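Values in this text are rule-based calculations from the coordinates and carry no lab data. In this text, all values refer to a predicted model and were calculated from it rather than measured experimentally. For neighbour counting, all protein chains shown are included, and Cβ atoms are generated from backbone atoms with ideal geometry for every residue, glycine included.
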Number of protein chains: 2
Amino acid sequence: MERVKIAELYQNSEAFRAKTMTVCGWVRSVRDSKTLGFMDLNDGSCFKGLQIVFEAGKISNFAEVSKYNVGAAVCVTGELLLTPQAKQPFELHAVSVVLEGASTPEYPLQKKRHSVEYLRSIAHLRPRTNLFSAAFRVRSAAAYGIHKFFQERGFIYAHTPLITASDCEGAGEMFRVTTLDPANPPRKEDGSVDFSEDFFQKPASLTVSGQLEAECMTMAFGQVYTFGPTFRAEKSYTQRHAAEFWMIEPEIAFAELEDVMQLAEAMMKDVIRYVMETCPQDLAFCNQFVDKGLLERLQNVVDNDFARVTYTEAVEILKKQNDKFAYKVDWGTDLQTEHEKYLTEQVYKRPVFVTNYPAAIKAFYMRANEDGKTVAAVDLLVPGIGEIIGGSQREERLEVLEAKMQKLGMNPEDYWWYLDLRRYGSTRHGGYGLGFERLIMYLTGIQNIRDVLPFPRTTGSAEF
Amino acid sequence: MERVKIAELYQNSEAFRAKTMTVCGWVRSVRDSKTLGFMDLNDGSCFKGLQIVFEAGKISNFAEVSKYNVGAAVCVTGELLLTPQAKQPFELHAVSVVLEGASTPEYPLQKKRHSVEYLRSIAHLRPRTNLFSAAFRVRSAAAYGIHKFFQERGFIYAHTPLITASDCEGAGEMFRVTTLDPANPPRKEDGSVDFSEDFFQKPASLTVSGQLEAECMTMAFGQVYTFGPTFRAEKSYTQRHAAEFWMIEPEIAFAELEDVMQLAEAMMKDVIRYVMETCPQDLAFCNQFVDKGLLERLQNVVDNDFARVTYTEAVEILKKQNDKFAYKVDWGTDLQTEHEKYLTEQVYKRPVFVTNYPAAIKAFYMRANEDGKTVAAVDLLVPGIGEIIGGSQREERLEVLEAKMQKLGMNPEDYWWYLDLRRYGSTRHGGYGLGFERLIMYLTGIQNIRDVLPFPRTTGSAEF
């Protein structure tokens, strides 16, 4: 008997009307009276399950099936009945129920509500719950939606390296990667560690960004994107920070800040649209149980132009509200999440690009504006999250970039290859970074980054 | 003037006939007589470039343009003339040529052949050459082809963790990930390093496989795949090994070894077909300059069923040729590349699945066959490469798996979560790992893994 996935039934139940088929999945619940039983079976192919009807006269093992524990794996063969009047649009009337793998009463996911904190302690099982089933299905769809967006526009997917001997942003703690004996590393005469004996013959770390390498690729392909893991070793116990997360970093040549913003807006709308089309059951669940305003907010993003404001204008707006904020705003200060949320939620009520930040609070590679004070940076703020994208036009002028690096105490020789891009066929160019987990939080309404990563790595925790 | 990508011209030149447009890219060569010049411009949107014709009477800066150095970035506005009789199908007659970023005579990529060894030393520039343009465009297309294959079949893309506190395969050197001071780590009373003060409060490493975590996800979603970086700290200077590489690991539930093979064959054919359709110019170049038999070999894979042979049968075949081999074959020995190549190139002349290897040479999680000697493992061997895929049906029987682990000196308690999958709703399941770089080498004919990774990390080398 051909195995059918439950998702196929939801896609086109008419095609399966009155057909006999086999469905394999895991038991979410069983209830029975003396001769009639109902089983909720989920096979993970879509959010929703399938109602199995089993009768004492029709299957040979009625008594056994009635006692299946939650979590058991079973294969059911039966006939599909369409039930348009009922709560579920169809049900499978079993002629055979075969136990694939039993479960026990100790199965940690009984049919009741568990706290997300408890579920984090069983990350190997939590994808079997409604919430995490939805979260990781949305995650998968969003990842593909992003690839689809860029590939259909001719972008080249660039696998930039994870292990690096340079620190792109010059910021943040990095993880060291080593094969030296931690207890007894080789030493030089002066007692310092002799990294020439390490695997890469020098100190190496896990990258915090693939941008610099992506820029190299952009100067060959015109438009590229990265999509890979990124690392931060900052000790943090917030809901928003993980030590290992995924990032998307597109980069485009012959382009200015305006092009970067247009790309970011098009991508955000496209990905949201794709996930809304692909995962309607999952988003409906999140809208009902995680965040009541979710679907309306997402539709609002798709339907409206993003707002735009310069940092300087934004500061003028925010200063008037300084009594509301824990951190007071003044020109030159970095915007905090409270300010970002105020702008996007209260002032604009939709996503907003904030542009042209003070040079002093932004990275060395951002392009200097003519005012001598600001750089062509852009952050995208969205309701419910705050900053979701950070980008800029890059400094393409060799002498300007070298002067900036020297001013910041960086050694241009360490970046000879990055500067080469400005020596040979330099172009206006720019790009941005999208934190993938922030996007999934935005798409699902889930508030803790630990709940959108299948196996989160955070300060003090690398379980499973 | 709207900017047009060169790829669009190749896709549908008729639509642009006699139109005026702007094309931006990098100069590959310039040659000129007194009043007429030709420029080969490449914008990275496709493998091929665009011939620009510029005339002294038509553009204002003819003398300057004639002297542009190779590598300069320019924007050319002009009219497209279709030239079906000529070597290139169209050319752009310039009315304006604007220098975006100059180059110099020191530009390392002059119009001559460079050795791949030299080009590795300028990995930031080499994507601008024909060979690496093709290699990385194929890489991008193959990555998307793989995502497309799995997503269209309803697989969930699972982001398994990179940082891990467990060693899945129990094999191979791993990179340690740490934030401890290498010169002066905190010590316990007995002098050993106190990892409780490290970032994750215990020793952590970079993963060698996402399989165990993927199995967890499979028991919720039925079918998942990973696609992410993987690490090996083995000191190796071969053409086939990198310290950081990308791997695809699909995993399917309610499935046996036969299903795993069917999935692998379908995926390989689908990806090859996708890349042949998407990157014809790139593959044609590789076929001409890298590997003359490339296109024929790829077509052969798409058109034919993969062969199948058991390990035991394969050993019988190979033993007869033992005088040809450096390593002699006998039942129980692992197959070397020379044996694998002999099987796929000489015996079957097409891809071949070798199944049911001796348990002693395979990983602990592979399912024991009834003969008591072999496991339900499968390797896919392909001409020109040898092993490209390794997979198995997994041991789903709790007591069999525990006994195996104990026999191997592993502590089942360390794998409590992996064993939980066998306690609660266990199913027959299996999957495989595909080394992504091996696939790209197979698709392009390139022999060295350093030349299919944009910024390779190998023993002693983590440049850029």
Spatially close lysines, pair count over segment A:1-133: Cα under 26 Å, gap of eight or more or interchain: 27
Bins of 10 Å from zero: percent of alpha-carbon pairs in chain B: 4, 17, 24, 22, 16, 11, 6, 2, 0
Per-residue Cβ neighbour rank within 10 angstrom, fewest leading, B:Trp26, B:Trp331: B:Trp331, B:Trp26
For A:175-187, mean number of other protein chain Cβ atoms within 10 Å: 6
Using a 7 Å Cα-to-Cβ projection, B:Gly332 label spacings across copies, nm, ascending: 7.9
Stokes-Einstein D in µm²/s, Kirkwood radius over Cα pairs - segment B:304-355 at 37 °C with 0.692 mPa s viscosity: 298
Acute angle (nearest 10 degrees) that the helix B:294-303 long axis makes with the longest principal axis of chain B, alpha-carbon atoms: 50
Least to most buried among A:Val23, A:Val53, A:Val352 (fewest other Cβ within 10 Å first): A:Val53, A:Val352, A:Val23
Förster radius 22 Å - calculated FRET efficiency between B:Thr83 and B:Thr20, Cβ distance, rounded to 0.05: 0.85
Share of pairwise Cα separations in segment B:391-455, more than 13 Å, in percent: 72
Partner chain coverage, peptide A:132-144 - average Cβ within 10 angstrom: 4
27 Å tail of the calculated P(r), segment B:318-464, as % of Cα pairs: 39
Straight-distance crosslink candidates among lysines, where the alpha carbon sits under 24 Å from A:Lys404 and sequence neighbours closer than 8 are dropped: A:Lys362, A:Lys373
Dipole magnitude of chain A, debye to nearest 20 (Cβ charges: Lys/Arg +1, Asp/Glu -1, about Cα centre): 1740
Inter-copy separations for A:Pro105, label at 7 Å along Cα-Cβ, nm, ascending: 9.0
Rel. contact order, % - alpha carbon contacts under 8 angstrom, at least six apart, chain A: 13
Listed peptides A:9-15, B:362-368 by packing density, highest first (mean Cβ within 10 Å): B:362-368, A:9-15
Relative contact order (%) - criterion: Cα under 8 Å, at least six apart; region: segment A:225-373: 17
Alpha-carbon Rg with Dmax, taken over segment B:78-153, Å: 18.3, 52
At R0 = 45 Å, FRET efficiency that the Cβ-Cβ distance of B:Asn304 and B:Asp181 yields, to 0.05: 0.20
Label-point gap, in nm, between B:Lys324 and A:Lys349 - each point 7 angstrom along Cα→Cβ: 7.7
Tilt relative to chain A, helix A:130-152 - C-alpha long axis, 0 to 90 degrees, to 10: 50
Charge dipole (segment A:360-464, unit charges on Cβ, about Cα centre) - positive-most of A:Ser426, A:Trp416, A:Pro456: A:Ser426
Relative contact order (%) - segment A:338-464, alpha-carbon pairs under 8 angstrom, separation at least six: 19
Virtual paramagnetic centre 7 Å along Cα→Cβ of A:Glu55, amide N under 20 Å, in segment A:84-101: A:84-98
Protection-proxy order for peptides B:318-329, A:258-269, each taking the mean of Cβ atoms within 10 Å per residue, highest first: A:258-269, B:318-329
Gyration tensor (Cα) of segment B:1-131, equivalent ellipsoid semi-axes in angstrom: 25, 18, 13
Charge dipole (debye, nearest 20) of segment B:293-370; +1 at Cβ of Lys and Arg, -1 at Cβ of Asp and Glu: 60
Likely footprinting exposure, B:Phe136, A:Phe195, fewest C-beta neighbours within 10 Å first: A:Phe195, B:Phe136
Only Lys, Arg (+1) and Asp, Glu (-1) charged, at Cβ; the protein assembly as shown dipole about Cα centre in debye: 1260
Zero-based 10 Å bins, Cα pair distances in segment A:270-347, whole percents: 16, 36, 25, 20, 3
Contour excess over end-to-end distance, with Cα ends at B:Glu152 and B:Thr104 and 0.36 nm allotted per residue: 12.5 nm
Shielding by partners, peptide A:424-434 (average Cβ within 10 angstrom, other chains): 5
For the protein assembly as shown, radius of gyration divided by Kirkwood radius, i.e. Rg to Rh on alpha-carbons: 0.97
Other-copy label distances relative to A:Glu402, 7 angstrom Cα-Cβ extension, nm: 6.9
Kirkwood-based shape ratio for segment B:102-242, expressed as Rg/Rh from alpha carbons: 1.10
Peptides ranked, highest mean first, by Cβ atoms within 10 Å: ranges B:211-219, A:28-36: B:211-219, A:28-36
